[in-house]
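Q: Here you go, one structure.
We did not get these values from a lab; they are worked out from the coordinates using the rules stated. Values in this document were obtained by computation on a predicted structure and should not be read as measured data. Every residue, glycine among them, receives a Cβ derived from its backbone with ideal geometry; neighbour counts consider all protein chains shown.
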2 protein chains.
Amino acid sequence: MKNTIITISRQYGSAGRAIGHQVAEKLGLECYDSQIITKIAEESGFDADYVRKNSETTAESGFFASLTGMDLYTFSNRDTIWILQSKIINELAEKGPCVIVGRCADYILRDRFDLLRVFVYADNEDRIRRITEEYKEAEAGKHPEKVLAANDKRRATYYDIYTDQKFGDYHYYDMCLSSSALGIDTCAHMITEAYEKKTAE
Amino acid sequence: MKNTIITISRQYGSAGRAIGHQVAEKLGLECYDSQIITKIAEESGFDADYVRKNSETTAESGFFASLTGMDLYTFSNRDTIWILQSKIINELAEKGPCVIVGRCADYILRDRFDLLRVFVYADNEDRIRRITEEYKEAEAGKHPEKVLAANDKRRATYYDIYTDQKFGDYHYYDMCLSSSALGIDTCAHMITEAYEKKTAE
């Protein structure tokens with residue numbers, strides 16, 4: 001029997017990571033998130049921060065990112081990271097049922113595992129508050145609105161280049177939840193229940 | 001205190017209507033669906049079937065529908081139906097908390113009520129099975145795939161003309177659920193729980 005994997009795609013600043021960890025704790029499963037970055041860094045020799053920036057978003061957005069993705073003769077570093085990421089995510093999923101946050105796991109695992117594919121989003125107001133107060137990741141001197149917009153664009157571009165899916169399009173998910181409207185706890189509860197019903201069949 | 005209204009937008013053939021009725025039954029609320037058609041027909045004098053075809057989808061799709069929506073000097077019949085639909089949906093929401101299936105209720109009520117905005121979708125395979133076996137609405141001599149595609153297009157066009165929302169875009173919903181992945185009962189259960197948590201606050 002195939003392992004059932006919960007994949008959580010999420011908008012930057014939507015608390016998808018916190019929700020993933022809460023779901024894993026409720027279900028007694030592993031939750032893979034930044035460990036994937038660490039593993040890619042170990043196996044590739046790239047710096048972890050470099051991997052983070054190139055494992056789910058492009059360093060550039062739009063046209064220029066497509067150009068750098070179009071190198072026909074050699075792999076770019078980002079291609080190398082994508083291949084390692086695919087390998088590592090498959091290995092983790094083979095170990096047993098788990099929660100994987102981000103990293104295109106929904107796309108990478110689509111043919112080999114049973115998936116509960118979740119997309120988490122939030123209002124921009126909440127996302128801005130979260131990235132400035134909680135994540136403390138807003139770059140110095142930059143407006144959080146701009147950080148958010150740039151990140152959204154880079155993540156969408158990454159999906160365009162490496163998958164045939166459209167980031168945030170409901171066709172590719174089993175459930176899409178707004179953490180702003182529902183709250184983090186309710187989102188985690190709903191995902192947990194959906195997983196329990198799915199695996200009880 | 002504002003009434004909390006559950007609005008269920010849904011893809012044609014996704015069982016959104018069945019889910020809406022199940023939610024209403026669980027919560028002891030009214031569920032409004034085809035009654036809205038009947039009321040519009042009564043107040044306008046139009047035939048109920050004509051109202052059904054022009055209250056949520058356009059009779060045409062795309063460019064021609066935009067043209068007929070662009071009459072600057074007189075109301076089209078569809079405009080008249082839209083105005084009556086808005087009035088009737090507001091009146092129903094004022095009566096008390098309820099479930100409203102389709103009819104752009106999420107857009108119509110957006111400023112005056114607390115909403116739990118749900119979008120229900122399904123795999124095409126399930127939708128085709130449902131419209132041919134359960135709804136028995138497939139038109140004679142037409143492939144169900146074509147009926148589905150035409151309906152999707154007309155519904156999207158209607159949203160384009162009458163609202164500033166994009167049908168099925170997660171930004172406009174609090175939760176989007178696949179009835180194929182989760183099942184009708186789980187969808188109804190999840191919406192019921194989300195409503196209970198929202199109104200308990």
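Q: Convex hull over the Cα atoms of segment A:76-166, averaged projected area in nm²?
A: Values: hull surface 29.3 nm².
Here the figure is 7.3 nm², rounded to one decimal.
Q: Per-residue HN-Hα couplings for segment B:78-95, Karplus 6.51 cos²θ - 1.76 cosθ + 1.60 at θ = phi - 60°, whole Hz, x for Gly and Pro?
A: The phi angles translate into 5, 5, 4, 5, 4, 5, 5, 4, 4, 4, 5, 5, 4, 5, 5, 5, 5, 4 Hz.
Q: From the helices alone, meaning DSSP H stretches of at least four residues, give me the mean residue ellipticity at 222 nm for chain A, per-run term -39500 (n - 2.57), in deg cm²/dmol to the nearest 500.
A: On the way: 10 runs with 106 residues, N = 201.
One gets -16000 deg cm²/dmol as the mean residue ellipticity at 222 nm.
Q: Could I have the simple spin-label model distance between residue B:123 and residue B:169, label points 7 Å from Cα toward Cβ, reported in nm to one decimal?
A: Each label point lies 7 Å from its Cα, and together they span 2.9 nm.
Q: Oh, and also: Quick query: amide H of residue B:114 versus all other amide H atoms, modeled in the peptide plane; which residues come in under 5 Å with a sequence gap of 5 or more or a different chain?
A: For residue B:114, whose amide H was placed from the backbone, the distant partners under 5 Å are B:3, B:5.
Q: Please turn the phi angles of segment A:21-33 into ³J(HN,Hα) values with the Karplus equation 6.51 cos²θ - 1.76 cosθ + 1.60 (θ = phi - 60°), one per residue in order, whole Hz, x for glycine and proline.
A: 5, 5, 4, 4, 5, 4, 9, x, 10, 6, 10, 9, 8
Q: Could you compute Rg(Cα) / (2.2 N^0.38 Å) for segment A:79-119, with N its residue count? Let's see the in-between values first.
A: On the way: Rg = 9.7 Å, N = 41, 2.2 N^0.38 = 9.0 Å.
Working it through for segment A:79-119, the quotient is 1.08.
Q: Below 8 Å, C-alpha to C-alpha, sequence gap of six or more: please give me the relative contact order for segment A:4-200 in percent.
A: Working: 277 pairs, mean separation 72.6, N = 197.
Taking the mean separation of contacting Cα pairs over the length of segment A:4-200, I get 37 percent.
Q: At residue A:90, with labels set 7 Å past Cα in the Cβ direction, how many nm apart are the copies from this one, shortest first?
A: 5.8
Q: Next question. Beyond 31 Å, what share of the Cα-Cα pairs of the protein assembly as shown is found? Please give it as a whole percent. Intermediate values should be presented prior to the final figure.
A: Numbers: 34932 of 80601 pairs.
Here the tail beyond 31 Å accounts for 43 percent of pairs.
Q: Which residue is it, in chain B, that holds its beta carbon closest to the axis of the B-onto-A rotation, and how many whole angstrom away?
A: B:176, 2
Q: Same structure again: In nm, one decimal, shortest first: how far is the label point of residue A:129 (7 Å from Cα along Cα to beta carbon) from the matching points in the other copies?
A: 4.3
Q: Sticking with this one: Would you mind giving the mean number of other chain beta-carbons within 10 Å of the Cβ of each residue in B:180-190, as a whole number?
A: Details: counts 1, 8, 8, 4, 0, 1, 7, 2, 0, 4, 10.
Per residue, the number of nearby Cβ atoms from other chains is 4 on average.
Q: Which net charge results for the neighbourhood of residue A:21, defined as the other residues with beta-carbon distances under 13 angstrom from its beta-carbon, given Lys and Arg at +1 and Asp and Glu at -1? Don't jump to the answer; show the numbers that get you there.
A: Values: positive: A:10, A:17, A:26; negative: A:25, A:30, A:33, A:185.
Net of charged neighbours comes to -1.
Q: Check the cysteines of chain B one by one and keep only those with no other cysteine Cβ under 4.7 Å from their own.
A: Cys with no partner Cβ under 4.7 Å: B:31, B:98, B:104, B:187.
Q: Between residue A:43 and residue A:133, with labels modelled 7 Å along Cα→Cβ, what's the label distance in nm to one decimal, could you check?
A: Placing both labels 7 Å beyond Cα along the Cβ direction yields 3.8 nm.
Q: Moving to a separate point now. In sequence order, what are the phi-derived ³J(HN,Hα) couplings for segment A:187-196 according to the Karplus relation 6.51 cos²θ - 1.76 cosθ + 1.60 with θ = phi - 60°, rounded to whole Hz, with x for glycine and proline?
A: Result, ordered by residue: 4, 4, 4, 5, 5, 4, 5, 5, 5, 4 Hz.
Q: Also, I was wondering about something else. So what's segment A:4-200 giving for Rg/Rh, alpha carbon basis, Kirkwood Rh from the mean inverse pair distance? Please report the intermediate quantities before stating the final value.
A: Details: Rg = 16.3 Å, Rh = 17.2 Å.
Checking Rg against Rh, the ratio lands at 0.95.
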